[in-house]
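The values are calculated or read from the model by the stated rules, or taken from the named source; none is laboratory data. Predicted model only: the values in this text are computed from it and were never measured. Methodologically, a virtual Cβ is constructed for each residue, glycine included, from the backbone with ideal geometry; neighbour enumeration extends over all protein chains shown. All accessible areas refer to the heavy atoms of the entire protein, side chains included, with ligands and DNA or RNA removed. Shrake-Rupley method; radii C 1.70, N 1.55, O 1.52, S 1.80 Å.
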Amino acid sequence: MTHPRGSASKTAALSAALSGAVDLSALKARAEAPQKQPPAPPRPADGAAPAAGGAVIDVTEATFQTEVVERSLQQLVVVDLWAEWCGPCKQLSPVLERLAAESGGAWVLAKVDVDANPRIAQLFGAQSIPTVIAIGGGQPVDAFSGALPEPEIRKWLGSLLDALRDRLPGIKAAEQNGGGVEVPEDPRFTEAEEAFERGDFAAAQAAYERILDVEPANEEAKTALAQVKFTARAEAAGPDAIAKADADPADLDPQLAAADLEVAGQQPEAGFARLIAVVRRTAGDDRNKVREHLVALFELFDSADERVMKARRDLASALY
């Protein structure tokens with residue numbers, strides 16, 4: 001899941017704490033108490049988006065099961081843990097409320113006053129407020145804490161809706177009716193992408209590095225920077241790089257260039273095998289240089305790619 005820029009480590013820690021550790025049925029018994037549970041609101045038909053007036057709902061311990069858990073089986077529910085005395089909450093809540101109203105039913109904002117409903121805050125292990133938790137399919141899927149800027153919240157919501165679209169019919173229904181979240185372009189990434197497209201790899205690299213100077217944990221920028229560096233190397237290698245490397249296996253730099261060219265030419269197995277062979281016959285700084293280059297090539301692929309998994313095993317065998 002893509003996290004808001006500038007808050008990745010905080011968000012990841014909170015999401016990790018929630019993942020697999022939160023049982024949203026913990027409040028069910030109290031919610032089912034007849035004397036405390038108000039009549040359940042009308043339920044929309046499967047796949048139907050709720051009326052615009054229901055974009056923001058106040059949730060209590062008694063209504064949590066119906067309004068959050070059960071509703072999240074159809075559409076994304078964003079839980080806003082707030083309190084009257086919380087200054088940042090007064091900045092964040094109006095933004096969330098407006099975005100929920102604009103979404104056309106793609107998601108619903110469930111507001112929880114933690115002073116009146118402390119068990120809900122305890123359920124999520126919230127250490128501070130505001131804390132915002134996204135619920136989909138009856139379970140937490142992501143979260144953040146603090147009052148983030150609106151563009152970052154829009155990006156976070158857009159990523160969630162993209163990820164959950166096929167699982168929650170209410171999202172598709174709302175989007176068909178013109179709802180959803182428009183994610184604004186980040187001008188920093190636009191600058192880098194435009195430089196890359198015109199072949200100015202140095203400018204693209206510098207643009208991504210500026211983002212990482214401010215946000216070292218920005219995975220999108222890390223991935224893009226690796227791709228820029230690789231593309232620049234592959235283009236600089238020249239079409240005869242493989243022939244040069246094959247002519248002199250002992251010359252290290254041509255081997256690296258040839259591997260880049262093979263990966264760029266949709267022959268990653270050949271590039272991986274070439275560098276693993278070099279690792280086997282080198283030592284010291286030379287071996288470490290080749291190993292680091294190979295690991296950087298791995299990072300261009302999905303970690304679950306079978307070709308990468310095999311090459312990692314072969315590299316481990318070559319090293320040890």
- Query: Only one of (1) surrounded by fewer than 16 Cβ atoms within 10 Å (Cβ to Cβ); (2) in a helix (DSSP H, G or I) fails for residue 231. Which number is that?
  - Reply: (1)
- All but one of (1) surrounded by fewer than 21 Cβ atoms within 10 Å (Cβ to Cβ); (2) assigned to a strand (DSSP E or B); (3) touching a residue at least 60 places away in the same chain (Cβ under 8 Å) hold for residue 119; which doesn't? (2)
- Note on the structure: Per the filter on region 253-307, residues over 22 Å from residue 320 (Cα atoms) and acidic (Asp, Glu) are 253, 260, 262, 302, 305
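Listed here are the residues, each with its yes/no results for (1) open to solvent by 30 Å² or more (accessible area, probe 1.4 Å); (2) at negative phi.
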position	(1), (2)
56	yes, yes
63	no, yes
88	yes, yes
125	yes, no
131	no, yes
134	no, yes
- Note on the structure: Inside region 72-86, the number of residues satisfying the requirement of being within 22 Å of residue 54 (Cβ to Cβ) and open to solvent by less than 20 Å² (accessible area, probe 1.4 Å) is 8
- For region 273-308, enumerate the residues that are aliphatic (A, V, I, L, M) and exposed (fewer than 14 other Cβ atoms within 10 Å of the Cβ). 283, 295, 304
- Query: Just one of 85, 107 is aromatic (Phe, Trp, Tyr) and under 20 Å from the mean Cα position of the chain (by Cα); which is it?
  - Reply: 107
- Note on the structure: Scanning region 149-160 residue by residue, the ones that are within 14 Å of residue 102 (Cα to Cα) and over 11 Å from the mean Cα position of the chain (by Cα) total 3
- Qualifying residues in region 236-272 (those that are open to solvent by 70 Å² or more (accessible area, probe 1.4 Å) and under 30 Å from the mean Cα position of the chain (by Cα)) - the one nearest to residue 286 (Cα to Cα): 269
- Task: Among what's in region 81-105 and is without any contact (Cβ under 8 Å) to a residue 60 or more places away in the chain and among the small types (Gly, Ala, Ser), pick the residue that is nearest to residue 119 (Cα to Cα).
- Result: 83
- Query: Out of (1) of a type in the set (Gly, Ala, Ser); (2) part of a loop (DSSP other than H, G, I, E, B); (3) buried (at least 21 other Cβ atoms within 10 Å of the Cβ), the odd one out for residue 147 is which?
  - Reply: (3)
- Query: For residue 153, all conditions in the list (1) in a helix (DSSP H, G or I); (2) aliphatic (A, V, I, L, M); (3) surrounded by fewer than 18 Cβ atoms within 10 Å (Cβ to Cβ) hold save one; what is the number of the exception?
  - Reply: (3)
- Query: Somewhere in region 106-114, is a residue under 25 Å from residue 70 (Cα atoms), at pLDDT below 90 and among the β-branched types (Val, Ile, Thr)?
  - Reply: no
